1. Determine whether PHE86 is modelled with pLDDT of 95 or more, of a type in the set (A, V, I, L, M, F, W, C) and closer than 24 Å to GLU122 by Cβ.
2. Can you tell me how many residues within the range 108-127 are of a type outside the set (A, V, I, L, M) and within 11 Å of the chain's Cα centre (by Cα)?
3. Could you tell me whether the range 116-123 includes any residue that is without any contact (Cβ under 8 Å) to a residue 40 or more places away in the chain and either within 18 Å of LEU71 (Cβ to Cβ) or not aliphatic (A, V, I, L, M) (or both)?
4. Let me spell it out: the conditions are (1) farther than 30 Å from PHE141 by Cα; (2) in contact (Cβ under 8 Å) with a residue 12 or more places away in the chain, and MET90 meets all of them except one. Which number is the exception?
5. Any residue in the range 70-83 that's closer than 21 Å to LYS129 by Cα and assigned to a helix (DSSP H, G or I): show its pairings with residues that are at pLDDT 95 or above and among the polar types (S, T, N, Q) at Cβ separation under 6 Å, as long as the two are six or more apart or on different chains.
6. (1) at pLDDT 95 or above; (2) outside any loop (DSSP other than H, G, I, E, B): which one isn't true of ARG175, the others all being true?
7. Going through GLU4, GLU12 one at a time, which residue ends up being part of a helix (DSSP H, G or I), surrounded by fewer than 17 Cβ atoms within 10 Å (Cβ to Cβ), touching a Ser or Thr at 6+ places or on another chain (Cβ under 9 Å) and of a type in the set (D, E, K, R)?
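The values are calculated or read from the model by the stated rules, or taken from the named source; none is laboratory data. Remember, it's a predicted structure, so these values are computed and weren't measured experimentally. Neighbour counts run over all protein chains shown; Cβ positions are idealised from the backbone, glycine included.
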Amino acid sequence: MSNELKDKRKEEIIDACVKLYETRNFKNITIKDISELISVSRPSIYNYYQTKEEIFLELLGREYNLWIEELQDMIQKNDNITKEEFSRKMAQSIANRPKMLKLLSMNLYDIEENSRLEKLVEFKKIFAKSMEIVRECLDKFFTQMAEEEKTDFLYSFFPFMYGIYPYTMATKKQREAVKIIGFNYKYMSIYEITYKALNQLLK
C-alpha cells in the first residue's frame, strides 16, 4: 500500500472520529463505531492505531498543526503588530480551534496515557512546535520584552488554554445550577476570555 493511500485512510479514520465526537462523549466512542462510518474495517484500523486514544491523539495533533499554520501566517503577513492587534489575532486563532480546546480540557490525560510512547512522542513534537511558534511571535512583535517575560508568558498562556473550553461551553444543566444558587456568573465566548487573558499577560 502506498504512503498516499495510507495517509488517506488515516484521514478518513480521523474524520469519522471527529463526526462522532460532535454528538457523543469521548468514553462512549469505540473503534467499532468509527469503522461503521467508513470503508475501513475494524481489523484494518488496528493496522494504524492500537487504541481509540491514538486516533484522538492524532486528531489533536492535526488541530495543533492548523493552529501553527495560522500563527505562521500572522508572522509572515505582519511586520509590526500592536499589543491590541496581537491579542485580537491570537484570540481569534484560538476561537477557531474549539475541538483542540475540548480535547485539551476534557480528554487529554486519558488520550496520552492510553497511546503508545512513539505516538505520544510524535504529538509532543507538534506541541513543542506550537510553543516555539508563539515564542517566535513574541520575538518578532514584542522586541522590548525580556527573555524571562517571554518565558513567563508561554508558561502562563499554555496552561490557561486547558481551562478555556469548560469556562466557555457551559451545558444547560450547568447554567441551571448556577441560576439556582443565584451566582451572577459572567459567560464569555472563547474569543472574549482569551482576548482578556492575553491583554493581562501582555501588560
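1. Working: modelled with pLDDT of 95 or more: yes; of a type in the set (A, V, I, L, M, F, W, C): yes; closer than 24 Å to GLU122 by Cβ: no.
No.
2. Kept after step one, since they are of a type outside the set (A, V, I, L, M), are these residues of the range 108-127: 109-110, 112-116, 118-119, 122-125, 127.
If we keep only those that are within 11 Å of the chain's Cα centre (by Cα) too, we end up with 127.
Within the range 108-127, residues that are of a type outside the set (A, V, I, L, M) and within 11 Å of the chain's Cα centre (by Cα) number 1.
3. yes
4. Among (1) farther than 30 Å from PHE141 by Cα; (2) in contact (Cβ under 8 Å) with a residue 12 or more places away in the chain, the lone unmet condition for MET90 is (1).
5. Close Cβ pairs satisfying both conditions: GLU70/SER93.
6. Status for ARG175: all satisfied but (1).
7. Working: GLU4 fails: touching a Ser or Thr at 6+ places or on another chain (Cβ under 9 Å).
That would be GLU12, the only listed residue that is part of a helix (DSSP H, G or I), surrounded by fewer than 17 Cβ atoms within 10 Å (Cβ to Cβ), touching a Ser or Thr at 6+ places or on another chain (Cβ under 9 Å) and of a type in the set (D, E, K, R).
Results for (1) within 19 Å of LEU60 (Cα to Cα); (2) at pLDDT 95 or above; (3) in a helix (DSSP H, G or I), shown as yes or no for each residue.
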site	(1), (2), (3)
SER115	yes, yes, no
VAL121	yes, yes, yes
ASP139	no, yes, yes
TYR155	no, yes, yes
ASN184	no, no, no
TYR187	no, no, no
LYS196	no, yes, yes
